[in-house]
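The values are calculated or read from the model by the stated rules, or taken from the named source; none is laboratory data. Keep in mind that what you see is a predicted model, and the values were worked out from it rather than measured. Cβ placement follows ideal geometry from the backbone for every residue including glycine, while neighbour counts extend to all protein chains displayed.
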Amino acid sequence: MPRNQIAAAILAAAVIAPLASAETLRWARSGDSLTLDPHAQNEGTTHTVAHQIYEPLLHRDMAGQIVPALATSWATVPGNPNVWRFTLREGVTFHGGEAFTADDVVFSIKRAKMESSDMKGLLTSVKDVRAVDDLTVDIETNGANPLLINNLTNLFIMDRGWSEANDSATPQDFAAGETSFAAANTNGTGAFQLVSRTPDERTVFKANPNYWGKGQFPLEVTEIIFTPIQSAATRVAALLSGEVDFVQDVPVQDLGRVDSADGLKVVKAAQNRVIFFGMNQGKADLETDSVEGANPFADRRVREAMNIAINREAIQKVVMRGQSDPTGVIMPPFVNGWTAELGAIPANDLNKAKSLMADAGYGDGFSVTLNCPNDRYINDEAICQAFVGMMGQIGITVNLDSKPKAQHFPTIQNQTTEFYMLGWGVPTFDSHYIFNFLVHSREGDRGPWNNTGYSNADVDSMIVSLESETDLAVRDATIGKIWNQVQQDIVYLPVHNQVLNWSMANNVAFDVQPEDQPHFKYLSFQ
Amino acid sequence: MLSIILSRLGQATFVLLLVALVSFSMFRFVGDPASNMLGQEASQAEREALKDRIGLNDPLPVQYARFVGNALQGDFGLSYRTREPVADMIASRLPATLELALVSALMALTMGVLLGVYTAINRNGWLAQMIMSTSLVGVSLPTFLIGVLLIWVFAVELSWLPSFGRSGTVDIGGWTTGLLTLDGWKSLVLPAVTLGLYQMTLIMRLVRAEMMEVLRQDFIKFARARGLSERRVQFGHALKNTLVPVITVAGLQLGSIVAFAIITESVFQWPGVGLMFINAVYYVDIPVMSAYLLLVGLVFVVINLIVDLLYLAIDPRIKSKQVGAGS
């Protein structure tokens, strides 16, 4: 018996250890939070840890809906769409005992707008923040911004007195070599407070005894022990051996084993992340292709042929082991603007694809280089390999160039790739976010991820109009028009939406959050 | 002795400068740190501004000179990923790596020498044959696979040992040690075996081959003829004469245990400098990568120096040659 079969036999013989006590939750995922300073990094795992300790004015619950947190209500001021008024929650205290007031909100939003903050990009439309009284705050925007609250869901509120007393009134300016107290210490209003933390090793939280949400949330977890475990096999082993109760990222090939193990279950939900391919259709001539003096991607027929040559069901079944949701549009289904019609996948039709290629003058095919990440999305490189085979069927010889994300993303940002894979999450849950980054012509601060060379002046002006249109029906109609144009022009080749699989002990009752953000105050034990 | 140390120190400085230069010329191929450091909403202008502020747009020689200048003052900058001082990060993670490396090196050395002597003396015994064949596993299986197999058997199936992490640590004046508690030892066993297995089999095979060579030589026959006990012949005479090559190899292997604990540390989520380095590579954390590579260079230089000094202690002929050459 070959060695790997012996190994497989030993691996298959796994058994399960008993579960944890009912109050402590031992939680693992591949990465650790980068810093405890809530405004220093705009990154998923960092936000997950911050969400337990700190709170925004409002946040997305486990179903992805915006719900009140430190603010109880919000609306634009009647007659002035440029000002949003927030009514704050009464009787909230920080972990250190300080009362939560409007002053803290003004301080925190101004702090998040500073040069050294990583959250400033979400607040560019904010002109001023004012305290009206102790429990009312006005945020004034440059022009009307109907979607301001979508940008506040990860904007955490710190205590002004504590931050100023500890030299943390500004986010750490690390480029200047500064270290920061707030990067390693916390004082929030959240359901959990920090007990201890060793970066990359272990972070311990305990329940906040004075939490305002008592009676409104399950709050059954009294202690959380968070351990990052990078190696996927070790993460699965720790779950199977009962050393952890909750893992966010079990690799798709191990999900079956975890789900069939005694005492463990896998809960799934669609993730807010769509995977697709982009190709430069704007250049006059491509550098990496075999065609001289012309750009085959510039021909819509070629793009359509490629789009219908992708066998999305095969990718779902073989590469993703069923753990994906094939799509025909580069938009996850929760996003405002999504319709079943847009999401329908184009029929896989090789004959039509071949005749389109012939019509376009590429009956003999051509060759081109595809850039693909190999450590960013679920099975990213394997998807690219499958895609290469599918393109081969219509005569396009694709040379695959897979690189780590640290090298892949700069090729898109610096426009050195002509054909690439990209994944996109939509934190605002609105189509404008997709259009602004991926569809708008690349000029100024707009279209920074649009490496397709696609540029349509009508589309651009419609995208800009979305930012100040306060009539939501008109706005939604414009969104629909833009999507129709994008689909008509086949700007991108959509593949699928990722599916989240949270693995947990059987006694844990927890919904999957579409942004991969567990909020443990909602967790209960059975 | 002093002249050896002095000349070695000169060489060490040169080696370290070279390591820094080579690593600096490699960094531009590992990716763009600004792309990781700013979220997906950042514009190209913001990324350029950040690169300007942290000096990534300066010419390579300028960056290199700045790094060497700061390093000479003990300043390795702030990590791009965690934004902590790199020197503090290394100081807090080094004890984990050094303890792991020392325990696995000691295990490899004692077990390797004992098994090597045993298999050399009882060359045809069934136990020796069995040890020899199983040792093939140690040299041929890749480290991560051994680690995963051990986790599966001892953590998942038997539930004897933890599958990841370093627990039961005690802080003694800034040095965290896991050697004082049962929990600490429990979490150390699997990573130490994984890391030391290859070295153990290597040392065992080397000792065996050297012993068999030495046992054939005339002075062993004379020793036996003088009526010395077999134990004295084997350990006092034969083993001592096999030690020079064994120490060379073991010393260099200790260096690679420290340097290449990366894989073992990432399989077991062992919070040492190897895990820190692998994270730095993913994130293009240049200050951490350069400091780590310098550290590894330093470890190798120090170990080579110690090995050279050990030669003098074990084999007096080397000393007399040195004296001869110097006079």
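If you go through region A:105-140 one residue at a time, how many are over 28 Å from the mean Cα position of the chain (by Cα) and buried (at least 21 other Cβ atoms within 10 Å of the Cβ)?
Within region A:105-140, residues that are over 28 Å from the mean Cα position of the chain (by Cα) and buried (at least 21 other Cβ atoms within 10 Å of the Cβ) number 1.
Conditions (1) on the phi > 0 side of the Ramachandran plot; (2) under 30 Å from the mean Cα position of the chain (by Cα); (3) of a type outside the set (A, V, I, L, M, F, W, C); (4) surrounded by fewer than 16 Cβ atoms within 10 Å (Cβ to Cβ), marked per residue:
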position	(1), (2), (3), (4)
B:30	no, yes, no, no
B:38	no, no, no, no
B:75	no, yes, yes, yes
B:82	no, yes, yes, no
B:88	no, yes, yes, yes
B:92	no, yes, yes, no
B:98	no, yes, no, no
B:108	no, yes, no, no
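Looking only at region A:451-474, filter to residues that are small (Gly, Ala, Ser) and assigned to a helix (DSSP H, G or I); which one of those is farthest from residue A:492 (Cα to Cα)?
Only one residue tops the list, namely A:473.
Among (1) part of a loop (DSSP other than H, G, I, E, B); (2) of a type in the set (D, E, K, R); (3) free of Cβ contacts under 8 Å to residues at least 60 places away in the same chain; (4) within 13 Å of chain A (Cβ to nearest Cβ), where does residue B:66 come up short?
Going through (1) part of a loop (DSSP other than H, G, I, E, B); (2) of a type in the set (D, E, K, R); (3) free of Cβ contacts under 8 Å to residues at least 60 places away in the same chain; (4) within 13 Å of chain A (Cβ to nearest Cβ) one by one, residue B:66 breaks only (1).
Could you please give the count of residues in region A:10-40 that are within 13 Å of chain B (Cβ to nearest Cβ) and at pLDDT 50 or above?
Residues flagged as within 13 Å of chain B (Cβ to nearest Cβ) and at pLDDT 50 or above within region A:10-40 amount to 13.
Residue B:254: farther than 22 Å from residue B:142 by Cβ and out of contact with any Ser or Thr (no Cβ under 8 Å at 6 or more places or on another chain), yes or no?
no
Sort out which residues of region B:12-55 are within 10 Å of chain A (Cβ to nearest Cβ) and of a type in the set (A, V, I, L, M, F, W, C), and write them in order of number.
B:29, B:30, B:34, B:37, B:38, B:42, B:45, B:49, B:50, B:54
Here are A:379, A:371: which of them is surrounded by 15 or more Cβ atoms within 10 Å (Cβ to Cβ) and on the phi > 0 side of the Ramachandran plot?
On the way: A:371 fails: on the phi > 0 side of the Ramachandran plot.
The conditions single out A:379.
When you check residue A:302 against the structure, is it buried (at least 21 other Cβ atoms within 10 Å of the Cβ) and within 14 Å of chain B (Cβ to nearest Cβ), yes or no?
Judged against the criteria, residue A:302 is not a match.
Being at negative phi and touching a helix residue (DSSP H, G or I) at 6+ places or on another chain (Cβ under 6 Å) is the filter here; which residues of region B:156-168 pass it? Spell out the reasoning first.
In the first step, residues of region B:156-168 are kept if they are at negative phi; the result is B:156-158, B:160-164, B:166-167.
Selection gives B:156, B:160, B:161, B:162, B:163, B:164, B:166, B:167.
Looking only at region A:400-439, how many residues end up being surrounded by fewer than 21 Cβ atoms within 10 Å (Cβ to Cβ), among the aliphatic types (A, V, I, L, M) and closer than 17 Å to residue A:515 by Cβ?
Matching residues across region A:400-439 total 0.
Can you find a residue in region B:259-270 that is away from chain A (no Cβ under 14 Å), at pLDDT below 85 and assigned to a helix (DSSP H, G or I)?
Checking region B:259-270: at least one residue is away from chain A (no Cβ under 14 Å), at pLDDT below 85 and assigned to a helix (DSSP H, G or I).
Is it the case that residue A:187 is in contact (Cβ under 8 Å) with a residue 40 or more places away in the chain, within 30 Å of residue A:222 (Cα to Cα), more than 14 Å from every other protein chain (Cβ to nearest Cβ) and not acidic (Asp, Glu)?
Considered against the rule, which asks whether it is in contact (Cβ under 8 Å) with a residue 40 or more places away in the chain, within 30 Å of residue A:222 (Cα to Cα), more than 14 Å from every other protein chain (Cβ to nearest Cβ) and not acidic (Asp, Glu), residue A:187 comes out as yes.
Please list, ordered by residue number, the helices (runs of 4 or more DSSP H) wholly in region B:110-218 having 2 or more residues that are away from chain A (no Cβ under 14 Å).
Numbers: elements: B:126-140, B:143-150, B:182-215.
In region B:110-218, the matching helices (runs of 4 or more DSSP H) lie at B:126-140, B:182-215.
Name the one entry in A:116, A:125, A:73 that is in contact with a Pro (Cβ under 7 Å, 6 or more places away or on another chain) and over 30 Å from residue A:525 (Cβ atoms).
A:116
Looking at region A:199-222, which of its residues are more than 14 Å from chain B (Cβ to nearest Cβ) and either aromatic (Phe, Trp, Tyr) or buried (at least 21 other Cβ atoms within 10 Å of the Cβ) (or both)?
Selection gives A:205, A:208, A:211, A:212, A:217, A:221.
Looking only at residues in region A:416-450 that are of a type outside the set (A, V, I, L, M) and in a strand (DSSP E or B), which one is nearest to residue A:397 (Cα to Cα)?
From region A:416-450, those of a type outside the set (A, V, I, L, M) are A:416-420, A:423-425, A:427-433, A:435-437, A:440-450; that's our starting set.
Of the ones still in play, those that are also in a strand (DSSP E or B) are A:419-420, A:423-424, A:430, A:443, A:446.
Working: A:419: 13, A:420: 15, A:423: 23, A:424: 26, A:430: 36, A:443: 32, A:446: 33 Å.
Out of the qualifying residues, it is A:419.
Yes or no, residue by residue, for (1) surrounded by 15 or more Cβ atoms within 10 Å (Cβ to Cβ); (2) in contact with a Gly (Cβ under 8 Å, 6 or more places away or on another chain); (3) in contact (Cβ under 8 Å) with a residue 24 or more places away in the chain:
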site	(1), (2), (3)
B:19	yes, yes, yes
B:27	yes, no, yes
B:34	yes, no, no
B:44	yes, no, no
B:50	yes, no, no
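Filter region B:214-243 down to residues that are within 30 Å of residue B:298 (Cα to Cα) and buried (at least 16 other Cβ atoms within 10 Å of the Cβ), then give me how many there are.
Of the residues in that region, 3 qualify.
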